[in-house]
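Written out below as structure tokens is the structure these notes cover.
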Amino acid sequence: MTDKSAENGQLAGANGQVSNDGTPDQNLALASISQKLKDLFKSEEQEPIPERFIDLLDQLEKAEQKSKQQAKD
């Protein structure tokens with residue numbers, strides 16, 4: 001299957017549409033990229049925090065508390 005716009009030397013936008021002047025519809029391309037990035041970050045946001053990372057944060061908090069206590073003494 002061939003893309004007629006490519007055969008005519010035109011570039012298609014993210015959804016295959018070509019603007020009247022033959023250039024990609026940049027707004028559609030940017031919207032597509034934006035949506036894909038949002039989907040990627042949303043899926044990452046829903047990932048659980050690894051237990052090892054939580055342990056490291058706890059160790060850091062304890063070290064900071066110890067440092068503050070030593071500074072007071």
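The values are calculated or read from the model by the stated rules, or taken from the named source; none is laboratory data. Quick caveat: nothing in here was measured; it's all calculated off a predicted structure. When we count neighbours, we look across all protein chains shown, and the Cβ atoms used for this are built from the backbone with ideal geometry, even at glycine. Remember, those area values only see protein heavy atoms, side chains included, never the ligands or the DNA or RNA. Shrake-Rupley method; radii C 1.70, N 1.55, O 1.52, S 1.80 Å.
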Give the residues of segment 24-50 that are outside any helix (DSSP H, G or I), open to solvent by 80 Å² or more (accessible area, probe 1.4 Å) and of a type in the set (D, E), sorted by residue number. E47
All conditions in (1) at pLDDT 85 or above; (2) in contact with an Asp or Glu (Cβ under 7 Å, 6 or more places away or on another chain); (3) not acidic (D, E) are true of S19 except (1)
